[in-house]
Structure formats: C-alpha cells, structure tokens
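The values are calculated or read from the model by the stated rules, or taken from the named source; none is laboratory data. Keep in mind that what you see is a predicted model, and the values were worked out from it rather than measured. Backbone-built Cβ (ideal geometry, glycine too); neighbour counts: all protein chains shown.
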Amino acid sequence: MAETVQQQLRERLQDDQPGVLSGDMVLSWREHLARAQQEASAIMARLDPDRPAHVGTLLANTPQMLQALAGAGLAGYVLAGINSTRRGDGLVGDIQRAHVQVLLVDNEHRELLDGLDLGDVQVVEVEGAAWADEVAAAGPFRVLRETEAMDPFMLIFTSGTSGDPKAVQVGNLMAVFAGLMLADKYSIGPDDVCYLSMPMFHSNGILAGWSVAINSGAAMVPAKFSASRFVDDVRRYGVTYMNYVGKPLAYILATPEQPGDADLPLRVAFGNEASDRDIDEFSRRFDCIVWDGYGSTETAVMVTREEGTPQGSIGKGAEGVAIYNSRTVTECAPAEFDDNGVLLNPEEAIGELVNTQGAGYFVGYYNNEQANAERMRHGMYWSGDLAYRDKDGWVYLAGRTADWMRVDGENLAAAPIERILMRLEPLSRVAVYAVPDERVGDQVMAAIVLRDEATLTPAELEEFLAAQPDLSPKAWPRYVRIAPELPSTATNKVLKRELIKQGPVADNGVLWAREERGRSYTEVQEPAGV
C-alpha cells in the first residue's frame with residue numbers, strides 16, 4: 001500500500017481515465033499529472049536549497065490548484081495552502097510564518113497582495129504569459145526528494161474561529177489514509193466523480209475530497225461552492241461524491257426543492273458540522289447517504305458515527321479518546337439526563353475532548369512551539385472542543401472551550417442549545433454565544449438565519465421554546481437576532497468572536513429581547529445596552 005502522496009500519484013501517471021473535469025475541459029490523469037510535473041520543474045528551479053522547500057498557493061478551486069497539489073506531491077516539496085479570506089498583515093503573517101519561498105497566485109487573488117511587503121517571497125502569477133513560457137522552458141522533471149510517510153505534504157492553516165490561524169503540518173500518511181478509508185467505505189472507484197467545492201487550502205478539501213480522488217482514481221470537479229449552482233453541477237458532471245464542512249447542506253436546502261432532485265447521480269455526501277435535521281433532509285431530498293463526523297485540521301482526535309448513533313451525538317471515540325476537565329486533569333463523569341433529556345450534571349460531565357494516547361496523526365504546528373505546547377499537555381492532545389459522553393459512550397459536542405456561558409450562576413454550553421433551536425422549522429442556521437449580563441456573568445444570545453421565504457414571529461418562537469422539554473429555562477436566549485447572514489470563514493464556520501464583539505445589536509437584521517424574568521420577546525428598535 002502507498003504510504004505517501006508521491007507513491008499514490010505515481011500509480012496514476014499512466015492512467016487514461018478522466019482525472020479533471022472543468023467547464024468543457026476533460027483531462028485524463030496522465031495529462032493532468034504531466035502538466036503538474038512540468039510546472040513543478042519550473043517551481044523547483046526557483047527554490048533556494050538552503051531554505052525550507054515551501055511553496056504557497058493563493059488560488060481558487062480550479063484545475064490550477066489541482067495541478068499545484070499534484071506537483072508538490074510528485075516532487076516532494078511542501079505546499080502551504082494560504083487562506084484567501086485573510087487580508088493585510090494577517091495574510092502577510094501567514095505567508096511568512098510558513099516560510100514560503102514561492103507564492104502561486106491567480107488573477108482572482110492577485111490584488112490581495114497589492115501594497116503588501118512580502119520580503120523575498122517570489123510571487124508567481126500562474127495565469128500570466130511569462131509563467132507559461134517559464135513552465136514550457138523548464139527542464140525534465142526530477143523529484144526534489146523521495147518523501148516518507150510522516151513527512152509533511154502540506155501546511156494547512158486552522159480556521160481561526162477562536163484565535164489566530166496556526167499552520168498544521170499534514171503528513172503524507174494522513175493524506176493517504178484519509179482518502180483510502182473514505183474510498184473504501186463508500187466503494188468509490190474510477191467511475192465516480194468527486195465534487196471538490198470546499199476550499200483546498202483547508203483540511204476538509206484535502207483529506208475528505210482531493211485525497212479520495214487520488215486514492216480511487218475518480219474524476220475531480222474543482223468548483224467554488226454555490227448553493228444555487230449545486231444541482232446543475234451535479235447533473236452536468238455526473239457527480240457521485242461530495243465533501244463538505246460547516247453549513248453547505250443548510251445553504252443547499254434553503255434553495256427551492258425541484259422534482260428531479262432525488263434522481264441526481266449523487267451517492268454520498270461526507271463531512272462535518274451539519275445539523276441532524278439537515279443530514280436527514282439532505283439524504284431524503286437527494287436520495288443519498290450523508291455521513292457526518294467529527295474532524296479537525298490536526299486529525300488527532302477521531303470520533304466516528306456508527307449504526308445506532310443517537311440524535312445529537314457525533315458517535316463514539318477511537319481508542320484513547322476521552323473527555324477531561326482541563327483544570328483538574330481528570331476524566332469527566334458520564335452525562336446524566338432527566339426523563340426529558342435535560343443534562344443534569346453539566347459542570348461534572350462537560351470537558352475537553354482529548355487523546356490520552358498522544359497526538360495521533362498530528363505532527364505539530366509549523367513554526368509555532370507555543371501552540372504545540374498548548375495542544376500537548378500532560379502527555380495528551382487537547383482539542384479545544386468541549387463535549388460530554390453518556391454512560392454508553394456516545395459523544396456530544398458542547399462547543400469550543402470559549403463557548404462556556406455563566407448564566408445566573410450556572411455553566412451552559414452553546415452547542416446543546418444550538419441543536420435544540422435547529423428543530424425550529426423556519427431556521428436555516430443558528431449561532432449561540434454569550435453577551436455580558438447587565439450585572440454579572442453572561443446572557444445567552446442567538447443569531448439566526450431563516451430559510452428562504454420563511455417567517456418567524458416572537459409568539460411562534462416563544463411557543464416553540466416552551467414546547468422543548470430538554471431546554472433549561474436559563475438557556476432561553478435573552479436576545480435573538482434574525483439576520484440575512486452570519487459572519488463566517490471560507491469553510492462556512494460561523495465566526496462567533498465577531499458576533500460576540502458586536503454584542504446584542506440588529507446589524508442589518510431584527511433584534512428581539514426577552515423580558516428579564518419572563519418568556520416574552522419584543523423587537524428592540526435601538527441597539528441594546530449591555
């Protein structure tokens with residue numbers, strides 16, 4: 001079995017099956033990889049052998065990005081996926097922390113570099129005539145190095161939802177293993193078509209998308225995610241597999257259902273962070289398997305769904321996965337529930353997801369020893385994700401470690417409240433977070449986006465909340481913002497820190513406030529004071 005991306009791609013060098021589908025263009029794997037080798041030769045001619053062989057990409061999901069990935073894999077240099085939503089000093093900092101020598105940029109992203117001082121980074125405009133000439137004139141392809149299983153294939157930055165992004169070293173073996181596992185689980189082969197619409201500077205785009213295709217020999221459709229274009233793309237290219245992260249299923253489900261949706265060729269949607277309702281509805285509407293799991297860029301904690309996974313749970317953890325109190329460094333007690341499903345012991349049961357056996361496949365953040373020390377404490381990997389586990393071992397997420405709220409002397413976690421709110425039919429997306437209480441502690445705030453054409457009144461919300469037997473009275477949101485959209489990352493994760501910074505305001509939407517000791521909501525005409 002191949003243990004590196006390099007070995008895996010070599011198995012496709014003579015493959016005449018379709019490899020890349022984009023617009024009217026069809027490239028075989030042989031043609032695609034030949035182009036990748038040619039470009040890699042030109043890139044390697046620019047690299048200083050006395051510096052880290054790191055090549056950055058500021059590219060959209062296009063054949064060019066696929067070519068950059070394949071070139072790095074075949075040649076053995078490290079690709080640094082630069083987050084295209086970063087700006088100014090943040091963008092410069094990412095590029096420099098990753099020790100990028102050569103930065104590949106397309107026309108769509110070139111202006112992001114205007115006025116920035118990148119030092120000695122060589123910026124290559126991949127769609128320019130000068131680069132085309134340089135690639136054509138490059139010498140024959142020779143590998144920079146023969147890679148080994150634990151060598152980094154990519155530097156992929158974390159999403160930065162709870163702090164500055166960190167460059168995760170994604171090892172070759174992890175890229176191979178993830179794709180192999182998924183291709184085998186869903187019987188994906190050369191006749192399949194993988195829809196790659198999640199950003200390929202992110203781990204989901206690589207480990208749950210691109211790696212599946214290079215393992216199986218399936219064709220790849222690079223695309224920019226669009227809910228309105230999704231159905232047409234699936235039908236046009238014969239897509240059978242897609243990956244997702246964050247809220248794409250919710251975006252797609254917000255579009256009008258069409259009579260032919262269930263007849264699309266799509267067989268499997270794999271990803272993480274979809275709600276139970278969206279998983280069920282997407283599976284029904286498109287007559288496909290939806291498998292939602294827990295995953296992070298670091299891939300150090302593995303939790304997978306299996307048959308019988310209860311509603312709200314993300315599954316059971318692999319060997320070594322546990323939930324620990326970060327203060328006492330002891331394992332948390334099993335969750336206890338009343339007859340209505342209310343968590344009775346949140347302070348004892350909720351803790352941080354850890355890998356007690358170490359870092360797993362995580363080989364560390366690049367050029368960030370402080371972050372490595374924070375993740376690896378007491379011989380364990382600490383994920384930064386809050387969770388609780390019932391007596392049968394089923395794991396439930398409770399949010400990030402920053403998602404704790406102290407309401408009237410009681411600790412509440414955001415994720416369980418979000419899961420309950422998502423039962424409300426008009427909702428498409430929701431984020432629950434803390435805003436300061438007027439006296440002490442926090443108040444619960446919810447920012448929601450409604451489905452297209454859906455409506456919601458304060459009375460309807462009150463009736464819904466009162467009918468939820470597992471919703472603690474203290475968990476009723478004090479403020480509710482109905483917004484046209486929520487601030488989010490390029491990977492569709494809500495930026496709660498931006499919402500927290502804004503506080504209880506309408507921000508181009510509508511703000512409702514609940515009376516302090518009651519259950520009635522009224523619209524607030526002016527931003528509420530905190």
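The table below gives the values:
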| item | result |
| --- | --- |
| Scan of the stretch 217-276 for residues that are within 26 Å of ALA454 (Cα to Cα), surrounded by fewer than 22 Cβ atoms within 10 Å (Cβ to Cβ) and basic (Lys, Arg), ordered by number | ARG229 |
| Any hit, the stretch 420-436, residues being at pLDDT below 90, in the same structural domain as GLU515 (by TED's automatic domain parsing) and either within 30 Å of ILE95 (Cα to Cα) or surrounded by fewer than 16 Cβ atoms within 10 Å (Cβ to Cβ) (or both) | yes |
| Lone qualifier among ARG429, ARG419, ARG439 - being in a loop (DSSP other than H, G, I, E, B) and out of contact with any Cys (no Cβ under 8 Å at 6 or more places or on another chain) | ARG439 |
| Check on THR309, β-branched (Val, Ile, Thr), closer than 18 Å to GLY358 by Cα and either touching a strand residue (DSSP E or B) at 6+ places or on another chain (Cβ under 6 Å) or at pLDDT 90 or above (or both) | no |
| Looking only at the stretch 457-489, and only at residues there that are crowded, with 18+ Cβ neighbours inside 10 Å and in contact with a Phe, Trp or Tyr (Cβ under 9 Å, 6 or more places away or on another chain), the one that is nearest to PRO346 (Cα to Cα) | PRO477 |
| Residue within the stretch 96-111 that is part of a loop (DSSP other than H, G, I, E, B), within 13 Å of ASN83 (Cα to Cα) and not basic (Lys, Arg) present | yes |
| Complete set of residues in the stretch 42-58 that are in a loop (DSSP other than H, G, I, E, B) and in contact with a Phe, Trp or Tyr (Cβ under 8 Å, 6 or more places away or on another chain) | LEU47, ALA53 |
| Which numbered condition LYS166 misses (of (1) in contact with a Ser or Thr (Cβ under 9 Å, 6 or more places away or on another chain); (2) at pLDDT 95 or above; (3) charged (D, E, K, R)) | (2) |
| Filter result for the condition that a residue is over 24 Å from the mean Cα position of the chain (by Cα), within 27 Å of ARG389 (Cα to Cα) and modelled with pLDDT under 95, over GLU273, GLU331, GLU347 | GLU347 |
| For ALA132: the one exception among (1) aliphatic (A, V, I, L, M); (2) in contact (Cβ under 8 Å) with a residue 24 or more places away in the chain; (3) surrounded by fewer than 24 Cβ atoms within 10 Å (Cβ to Cβ) | (2) |
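Per-residue answers, yes or no, for (1) surrounded by fewer than 16 Cβ atoms within 10 Å (Cβ to Cβ); (2) more than 30 Å from PHE153 (Cα to Cα):
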residue	(1), (2)
CYS288	no, yes
LYS316	no, no
TYR324	no, yes
GLU347	yes, yes
THR356	yes, no
